[in-house]
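J.: Dropping the structure in here first, questions after.
The values are calculated or read from the model by the stated rules, or taken from the named source; none is laboratory data. The model shown is predicted, which means the values in this text are computed figures rather than measured ones. Cβ coordinates were reconstructed from backbone atoms using ideal geometry, including for glycine residues, and neighbour counts include every protein chain displayed.
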Amino acid sequence: MTQVATSPDSYATQFARFAEQTTLPVALAALRDDAFGCFDRLGFPTTALEDWRFTNVAPIAATTFVAATSAADYSRAALDALRLPRLGGPELVFVNGSFAPALSVTDGLPAGARAQNLAAVIANDAEGITPCLGRLARVDRQAFTALNTAFLRDGAVVDIASGVVVEKPIHLVFVTTNGAEPVLSQPRVLLRVGAHSQVRVVESHVGHSEAPYLSNTVSEIFAGDHAVVDHYALVREAEVAFRVGSLHATLGRASTFSSHTITLGGGLVRNEASVVLGGEGGTCTLNGLYLANGRQLVDNQTTIDHAQPHCNSHELYKGIIDGRSRAVFNGKIIVRLDAQKTDAKQSNKALLLSEDAQITTKPQLEIFADDVRCTHGATVGQLDGDALFYLRTRALSREQARQILIHAFAADLLGHIKIDAIRAQLDALLLERLPVRVGA
Amino acid sequence: MLEVRDVCATAGDRQILNGITITVNAGEVHAIMGPNGSGKSTLAGVLAGRDGLEVTAGSALFKGQDLFELEPEERAREGLFLAFQYPVEIPGVNNAYLLKAGLNEVRKHRGEPELDAIDFMTLIRERMKLLGMDDSLLNRPVNAGFSGGEKKRNEIFQLAVLEPALAILDETDSGLDIDALKTVAGGVNAMRSPKRAMVVVTHYQRLLNYIVPDFVHVLSDGRIVKSGGKELALELEEKGYGWVADEPAAAV
């Protein structure tokens, strides 16, 4: 009898079946097996771990999510309803972690630039990616990365040869939608940019589901010497969703990398970004904006590793925190012994809109070189009463005044976003999501 | 236009206004003078509805309505304007955007159609000329990084755009050099009209050389201790505030 048919299989059972059903080249199979071993050993993190002190993932651990193995039926109309920004370039759509070719646009790239899905690359050219997969996102450090790697199957592989300028942004859309069992969506992103090339990659992480799901993504970015790479992660998961996203990037000599992580939705969202300035004269910008409400938890963890001299990093995170929601920011900056003339700036600002909203913020500077400039600052505040009054004397309602001031708080960050379609949409979404509260 | 009767007000635990009575009619310009701490700015704040000030006694009618029953934005929509002593810097909010939003709220309240971008810009450019302002101030964030003079000019510019029935100018002269003072006063004078009343709050008589009032009231210790015509301001300039405070009437 199937008396426990409603209970999903354990991750070990799922992994055994997955490993049996999928054939991978030896090196990737080894990575996958190692990853599951690490996941099994590490287990989901607990708040006893310093990096997870304020983010309790017990609700994730308590549910067994089921790694989706194929794209669910998903319509163009459903995709359109998500109102994703139209970027005019290639758009690769993934549903529950699997590539959906019918919904995707893969042409429009110049010679020397390719955007493919990982499953196809594994089938055709696994050797080409083996040296890179898992090189930055180490499976022995973090259980979610291990879990993603253990079920490595699909995702996006973007390769830009040397000296190629890609004009249109490449849009990677990751949708998670209802399944019979709690869905585990684990796409992987690999972006390799050759020397002197330029590219912009936008990841949209969206979902619509009334049932909890786990979107667990890992992105690895290799930027060559003098490359210019702009990366965006737009997170608008469903209200009941869990998301853990890890971004790892390594920069070559004199390359310029920026990443913007914008979190507008998701029940529990953990964004990790880790960048190694691995060549002299590199520049890294890590910016983030998040809006938390209700009982949401938004956790941003960043690490910038200045491994070489004469590199700059700028970091600006801003949060608008309302209701009973919580936010965590942890910004680690490492300046290695050789990384003289480092210039690192970090700033984290939070606007608390309710009595019960909370932020925990921690800058963490580890500096081993002696000729460097590192600054960090954190501010937590409320709306300025004088400014509210001023706007009201100019005939604006309390609600309008609040909205304008909240929007203004985010404005400088939005100003850094260089893709007009994204900025315009965020502007609109921000105004829509801003809390409407009369008489508060 | 405005009838203030026996208004007492506190800020926190401190009693600041001790029974203010003043009547302002359309077309009139009233100056309210007084030494520091006499309650001038509190009076302006109470009329505009500033948080943290509590009216403990008295009444105020504005165009026949109970002013203290209205929210600050309702007062503004009814046509009450406060030019701030310290205009607030609001980074991230575009000056022109604020003006357009405010003006359209006022127009909606009056039952007039909202202005579109083109009509708005036409009006704005005309009003900018009054204050000798250039376009750059329009597209900057409200008061952010403005010099003292630019901030005060911006206040009067807002007045000129919103066209209130009653304008309260709180120490609009403070921090201005003589050229800026003349420009600002010129803007204010251009807005004088038989339909509009103004209350000019100032410490010094200097501003009143340029904005000549119909009435002058002297505030001391939260009370109006003396009222008169424009010559009263000159007398004060000559004799100082000690003179009015010593008058027997003030001791009541």
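J.: With under 15 Å from B:Val88 (Cα atoms) and of a type in the set (A, V, I, L, M, F, W, C) as the only criterion, which of B:Ile124, B:Ile118, B:Ile156, B:Ile168 stands out?
T.: B:Ile156
J.: A further question follows. Could you list, in sequence order, all residues of segment B:50-63 that are more than 14 Å from B:Pro164 (Cβ to Cβ), assigned to a loop (DSSP other than H, G, I, E, B) and in contact with a strand residue (DSSP E or B) (Cβ under 9 Å, 6 or more places away or on another chain)?
T.: Selection gives B:Arg50, B:Gly52.
J.: Select from segment B:71-98 the residues that are at positive phi and at the interface with chain A (Cβ under 7 Å from one of its Cβ atoms) and list them in ascending order. So that I can check it myself, show each step before the final result.
T.: Going residue by residue through segment B:71-98, those that are at positive phi are B:79, B:92.
Correct list: B:Gly92 only.
J.: Between a residue in segment A:330-359 that is over 21 Å from A:Asn287 (Cα atoms) and any residue that is hydroxyl-bearing (Ser, Thr, Tyr) and modelled with pLDDT of 95 or more, which pairs come within a Cβ distance under 7 Å, given they are 6 or more apart or on different chains?
T.: A:Ala357/A:Ser325
J.: Restricted to segment A:26-58, and to residues that are touching a Ser or Thr at 6+ places or on another chain (Cβ under 7 Å) and of a type outside the set (Phe, Trp, Tyr), which residue is farthest from A:Arg243 (Cα to Cα)?
T.: A:Ala27
J.: Could you pull out the residue among B:Gly49, B:Gly39 that is under 15 Å from the mean Cα position of the chain (by Cα), closer than 21 Å to B:Cys8 by Cβ and more than 11 Å from every other protein chain (Cβ to nearest Cβ)?
T.: After applying the criteria, what remains is B:Gly39.
Here's the yes/no breakdown for (1) closer than 23 Å to B:Pro164 by Cβ; (2) within 13 Å of chain B (Cβ to nearest Cβ); (3) not basic (Lys, Arg):
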| position | (1), (2), (3) |
| --- | --- |
| A:Gly377 | no, no, yes |
| A:Leu383 | no, yes, yes |
| A:Asp386 | yes, yes, yes |
| A:Ala395 | yes, yes, yes |
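J.: Applying the selection to segment A:80-99, what residues are crowded, with 19+ Cβ neighbours inside 10 Å and outside any loop (DSSP other than H, G, I, E, B)?
T.: A:Glu91, A:Leu92, A:Val93, A:Phe94, A:Val95, A:Ser98, A:Phe99
J.: Scan segment A:241-281 for residues that are over 18 Å from A:Phe329 (Cβ atoms) and hydrophobic (A, V, I, L, M, F, W, C) and jot them down.
T.: Of everything in segment A:241-281, those that are over 18 Å from A:Phe329 (Cβ atoms) and hydrophobic (A, V, I, L, M, F, W, C) turn out to be A:Ala241, A:Phe242, A:Ala249, A:Leu251, A:Ala254, A:Phe257, A:Val276, A:Leu277.
J.: Scan segment B:94-131 for residues that are surrounded by fewer than 16 Cβ atoms within 10 Å (Cβ to Cβ) and closer than 25 Å to A:Ala410 by Cβ and report the count.
T.: Final tally of qualifying residues: 2.
J.: Only one of (1) farther than 30 Å from B:Gln158 by Cβ; (2) surrounded by fewer than 20 Cβ atoms within 10 Å (Cβ to Cβ) is not met by A:Glu399, so which one is it?
T.: It is condition (1) that A:Glu399 fails.
J.: Give me the residue from segment B:99-122 that is without any contact (Cβ under 8 Å) to a residue 24 or more places away in the chain and small (Gly, Ala, Ser) and, out of that set, farthest from the other protein chains (Cβ to nearest Cβ).
T.: B:Ala117
J.: Follow-up. So, in segment A:230-275, of the ones that are assigned to a loop (DSSP other than H, G, I, E, B) and not aliphatic (A, V, I, L, M), which residue ends up farthest from A:Ser185 (Cα to Cα)? Working first, answer last.
T.: First, the residues of segment A:230-275 that are assigned to a loop (DSSP other than H, G, I, E, B): A:237-241, A:252-255, A:266-267.
Now drop any that are not not aliphatic (A, V, I, L, M), which leaves A:237, A:239, A:252-253, A:255, A:266-267.
Values: A:Glu237: 12, A:Glu239: 16, A:Gly252: 31, A:Arg253: 35, A:Ser255: 32, A:Gly266: 14, A:Gly267: 16 Å.
Top of the filtered list is A:Arg253.
J.: Being within 14 Å of chain B (Cβ to nearest Cβ) and of a type in the set (Val, Ile, Thr) is the filter here; which residues of segment A:397-431 pass it?
T.: Across segment A:397-431, the qualifying residues are A:Ile404, A:Ile406.
J.: Within segment B:76-97, is there a residue that is in contact with a Cys (Cβ under 6 Å, 6 or more places away or on another chain) and not basic (Lys, Arg)?
T.: Looking through segment B:76-97, none of the residues is in contact with a Cys (Cβ under 6 Å, 6 or more places away or on another chain) and not basic (Lys, Arg).
J.: Shifting gears a bit: Taking A:Ile334, is it among the aliphatic types (A, V, I, L, M), surrounded by 20 or more Cβ atoms within 10 Å (Cβ to Cβ) and either assigned to a strand (DSSP E or B) or more than 19 Å from the chain's Cα centre (by Cα) (or both)?
T.: Spelling it out, it is not the case that A:Ile334 is among the aliphatic types (A, V, I, L, M), surrounded by 20 or more Cβ atoms within 10 Å (Cβ to Cβ) and either assigned to a strand (DSSP E or B) or more than 19 Å from the chain's Cα centre (by Cα) (or both).
J.: Please enumerate the residues belonging to segment A:118-127 that are out of contact with any helix residue (DSSP H, G or I) (no Cβ under 7 Å at 6 or more places or on another chain) and surrounded by fewer than 21 Cβ atoms within 10 Å (Cβ to Cβ).
T.: A:Ala119, A:Ala120, A:Ala123, A:Asn124, A:Asp125, A:Glu127
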